[in-house]
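Asks: Sharing a structure below in structure tokens format, with a few things to ask.
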Amino acid sequence: MPVGDISPLCLVKAPKSVVDALHHWVSTRHANFMASTHDQTGDKALHFYTTSRAPVLNEQKDLDSGAAEDGSEWIVWTEYYAKMDGLLDHWEQGNKSGTMLGDFFTLTAEADATFVQPLKVLHEVNRLIPTKDKPRAALADLSGACQLLVMFTVPKEHIAEAEKMVHDHAAWMKELHGEKHTMLGKDRIFKPEEELLYYSLGTCPVLNNHMDLASGSNPDGSVIFLFTEYYKTKAGLLKQWEHAREMNEAKGADFTLAQMTALEEKGMKTTFLQPLEVKASINWFGKDA
């Protein structure tokens, strides 16, 4: 799908006591709502939707750090619309859904829930559009896929530096996972289970009220950059980290990991969610082609 999609998402850091009930609400009730109420074509079209979950790690950037002892988990849903009309329609539909939103707020009363919206997609690598070799049926169900989600909240005075970081990251992703599969001048080979399914990088202002699109931008001028990656299995995410470490060694201060650390020292806040496992999905990419 062309760059320019509008992507809202919700991140919930849920205590163990509500994890299962919240997961059921998201992956059953919310997913069914999405499938039954949203357009597949036109200005309001929903292109792509997933729900996913993962244990909160002891160290968010370290896959080997183990799950937090308190049993807390991340519950996430991600949506992509053709235009802003789709997101506005989504909120209208949600407000007409009876008790659904109220039940969500009840479940998350003791959780940490954040809405991020309206992200505008700036870059993507999309392997979810049906082709002759991969018909729609083969791409319809992403259950079990592995998702990485990284969010940067950037102070106004460091936006330009953060923009360079995320655009550099997108260029790396396109080179590594595009048509040529190259990195540092060498061809790279991926096993089927390591395949990247989808990558996007988006940005939006920090809103005064993250639940209210009409609330306006935060007066401090901070912005959000967020990228998410979907791999066929966790093996793809592990391979990506191998490539990241190789790039970090070769490029040093000019690669994402070092750029991120430098910006964090200046006040940027980073949130890593991994390894999220997709539990429910809708893939309508290409239906309006």
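The values are calculated or read from the model by the stated rules, or taken from the named source; none is laboratory data. All values derive from a computational prediction rather than experimental measurement. Cβ sites come from the backbone with ideal geometry, for glycine too, and all protein chains shown count toward neighbours. Note: areas computed on protein heavy atoms with side chains; ligands, DNA, RNA excluded. Shrake-Rupley method; radii C 1.70, N 1.55, O 1.52, S 1.80 Å.
Asks: When you scan the range 150-176, how many residues do you find that are outside any helix (DSSP H, G or I) and either more than 19 Å from the chain's Cα centre (by Cα) or of a type in the set (Phe, Trp, Tyr) (or both)?
Replies: Residues that pass the stated criteria total 2.
Asks: If you scan the range 249-271, which residues turn out to be in contact with a strand residue (DSSP E or B) (Cβ under 8 Å, 6 or more places away or on another chain) and either in contact (Cβ under 8 Å) with a residue 12 or more places away in the chain or open to solvent by 60 Å² or more (accessible area, probe 1.4 Å) (or both)? Explain how you work it out, then say what you get.
Replies: Just the residues of the range 249-271 that are in contact with a strand residue (DSSP E or B) (Cβ under 8 Å, 6 or more places away or on another chain), to begin with: 260, 263-264, 268-271.
Once the filter is applied, which keeps residues that are in contact with a strand residue (DSSP E or B) (Cβ under 8 Å, 6 or more places away or on another chain) and either in contact (Cβ under 8 Å) with a residue 12 or more places away in the chain or open to solvent by 60 Å² or more (accessible area, probe 1.4 Å) (or both), the range 249-271 yields MET260, LEU263, MET268, LYS269, THR270, THR271.
Asks: Which condition number does MET183 fail, the rest of (1) under 20 Å from the mean Cα position of the chain (by Cα); (2) open to solvent by less than 20 Å² (accessible area, probe 1.4 Å) being met?
Replies: Answer for MET183: the failing condition is (1).
Asks: Let me ask something else. When only residues in the range 211-230 that are over 12 Å from the mean Cα position of the chain (by Cα) and part of a strand (DSSP E or B) count, which is modelled with the lowest pLDDT?
Replies: Keep residues of the range 211-230 that are over 12 Å from the mean Cα position of the chain (by Cα), which gives 211-224.
Add one more test, that the residue is part of a strand (DSSP E or B), and what stays is 217, 223-224.
Values: SER217: 94, VAL223: 98, ILE224: 98.
So, considering only residues that are over 12 Å from the mean Cα position of the chain (by Cα) and part of a strand (DSSP E or B), the one modelled with the lowest pLDDT is SER217.
Asks: Scan the range 177-210 residue by residue and report those that are more than 24 Å from LEU119 (Cα to Cα), among the aliphatic types (A, V, I, L, M) and either outside any loop (DSSP other than H, G, I, E, B) or in contact with a Pro (Cβ under 9 Å, 6 or more places away or on another chain) (or both).
Replies: If we filter the range 177-210 for residues that are more than 24 Å from LEU119 (Cα to Cα), which is where we start, we get 179-195.
Okay, now just the ones that are also among the aliphatic types (A, V, I, L, M), so 183-184, 189.
Residue satisfying the conditions is MET183 alone.
Asks: Being acidic (Asp, Glu) and in contact with a strand residue (DSSP E or B) (Cβ under 7 Å, 6 or more places away or on another chain) is the filter; apply it to the range 34-86 and report the residue that is farthest from LEU276 (Cα to Cα). Walk me through it before giving the result.
Replies: Taking the range 34-86 as the starting set, the residues that turn out to be acidic (Asp, Glu) are 39, 43, 59, 62, 64, 69-70, 73, 79, 85.
Still in the list and also in contact with a strand residue (DSSP E or B) (Cβ under 7 Å, 6 or more places away or on another chain): 39, 73, 79.
Working: ASP39: 27, GLU73: 10, GLU79: 15 Å.
Among those residues, the one meeting the criterion is ASP39.
Asks: Search the range 194-241 for residues being under 23 Å from LEU263 (Cα atoms) and of a type in the set (Val, Ile, Thr), and hand back the single one that is least open to solvent (accessible area, probe 1.4 Å).
Replies: Result: THR228.
Asks: Kindly check whether there is at least one residue in the range 20-29 that is open to solvent by less than 60 Å² (accessible area, probe 1.4 Å) and part of a strand (DSSP E or B).
Replies: No, there is no match, as no residue in the range 20-29 is open to solvent by less than 60 Å² (accessible area, probe 1.4 Å) and part of a strand (DSSP E or B).
Asks: Condition test on ALA109, is it surrounded by fewer than 13 Cβ atoms within 10 Å (Cβ to Cβ) and among the aliphatic types (A, V, I, L, M)? Working first, answer last.
Replies: On the way: surrounded by fewer than 13 Cβ atoms within 10 Å (Cβ to Cβ): yes; among the aliphatic types (A, V, I, L, M): yes.
Against the criterion (surrounded by fewer than 13 Cβ atoms within 10 Å (Cβ to Cβ) and among the aliphatic types (A, V, I, L, M)), ALA109 qualifies.
Asks: To continue, here is another question. Do we find that GLN274 is open to solvent by 10 Å² or more (accessible area, probe 1.4 Å), modelled with pLDDT of 95 or more and polar (S, T, N, Q) in this structure? Break it down stepwise before answering.
Replies: Working: open to solvent by 10 Å² or more (accessible area, probe 1.4 Å): no; modelled with pLDDT of 95 or more: yes; polar (S, T, N, Q): yes.
Taking the combined requirement at face value, the residue does not satisfy it.
Asks: Would you check if ILE159 is in contact with a strand residue (DSSP E or B) (Cβ under 8 Å, 6 or more places away or on another chain), among the β-branched types (Val, Ile, Thr) and surrounded by fewer than 17 Cβ atoms within 10 Å (Cβ to Cβ)? Give the steps one after another, and end with the answer.
Replies: On the way: in contact with a strand residue (DSSP E or B) (Cβ under 8 Å, 6 or more places away or on another chain): yes; among the β-branched types (Val, Ile, Thr): yes; surrounded by fewer than 17 Cβ atoms within 10 Å (Cβ to Cβ): yes.
Judged against the criteria, ILE159 is a match.
Asks: Take the conditions closer than 26 Å to THR78 by Cα and in contact with a Phe, Trp or Tyr (Cβ under 6 Å, 6 or more places away or on another chain) and apply them to MET173. Does it pass?
Replies: Working: closer than 26 Å to THR78 by Cα: yes; in contact with a Phe, Trp or Tyr (Cβ under 6 Å, 6 or more places away or on another chain): yes.
Yes, satisfied.
Quick grid of which residues meet (1) outside any helix (DSSP H, G or I); (2) within 21 Å of LYS156 (Cα to Cα):
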| site | (1), (2) |
| --- | --- |
| ALA235 | no, no |
| TRP241 | no, no |
| ALA244 | no, no |
| ALA258 | no, yes |
| LYS266 | yes, yes |
| GLN274 | yes, no |
| LYS279 | yes, no |
| PHE285 | yes, no |
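Asks: Still on this model: Considering only residues that are of a type in the set (Ser, Thr, Tyr), at pLDDT 95 or above and more than 11 Å from VAL12 (Cα to Cα), look in the range 60-105 and name the one that is nearest to the chain's Cα centre (by Cα). Steps first, answer last, please.
Replies: In the first step, residues of the range 60-105 are kept if they are of a type in the set (Ser, Thr, Tyr); the result is 65, 72, 78, 80-81, 97, 99.
Those still in the list that are at pLDDT 95 or above too: 65, 72, 78, 80-81.
Narrowing the set further to residues that are more than 11 Å from VAL12 (Cα to Cα) leaves 65, 78, 80-81.
On the way: SER65: 22, THR78: 6, TYR80: 10, TYR81: 14 Å.
Top of the filtered list is THR78.
Asks: Still on this structure: Of the residues that sit in the range 34-74 and are small (Gly, Ala, Ser), touching a residue at least 24 places away in the same chain (Cβ under 8 Å) and under 23 Å from MET151 (Cα atoms), which one is surrounded by the most Cβ atoms within 10 Å (Cβ to Cβ)? Explain how you work it out, then say what you get.
Replies: Filtering the range 34-74 for residues small (Gly, Ala, Ser) gives 35-36, 42, 45, 52, 54, 65-68, 71-72.
Subsequent filtering for residues that are touching a residue at least 24 places away in the same chain (Cβ under 8 Å) retains 35, 42, 45, 52, 54, 71-72.
Imposing the further condition that a residue be under 23 Å from MET151 (Cα atoms) reduces the set to 52, 54, 71-72.
Working: SER52: 28, ALA54: 19, GLY71: 13, SER72: 18.
The qualifying residue surrounded by the most Cβ atoms within 10 Å (Cβ to Cβ) is SER52.
Asks: Hey, another quick one. Could you say which residue among THR114, THR51, THR106 is part of a strand (DSSP E or B), of a type in the set (Ser, Thr, Tyr) and more than 27 Å from LEU257 (Cβ to Cβ)?
Replies: None of the other options fit; the residue is THR51.
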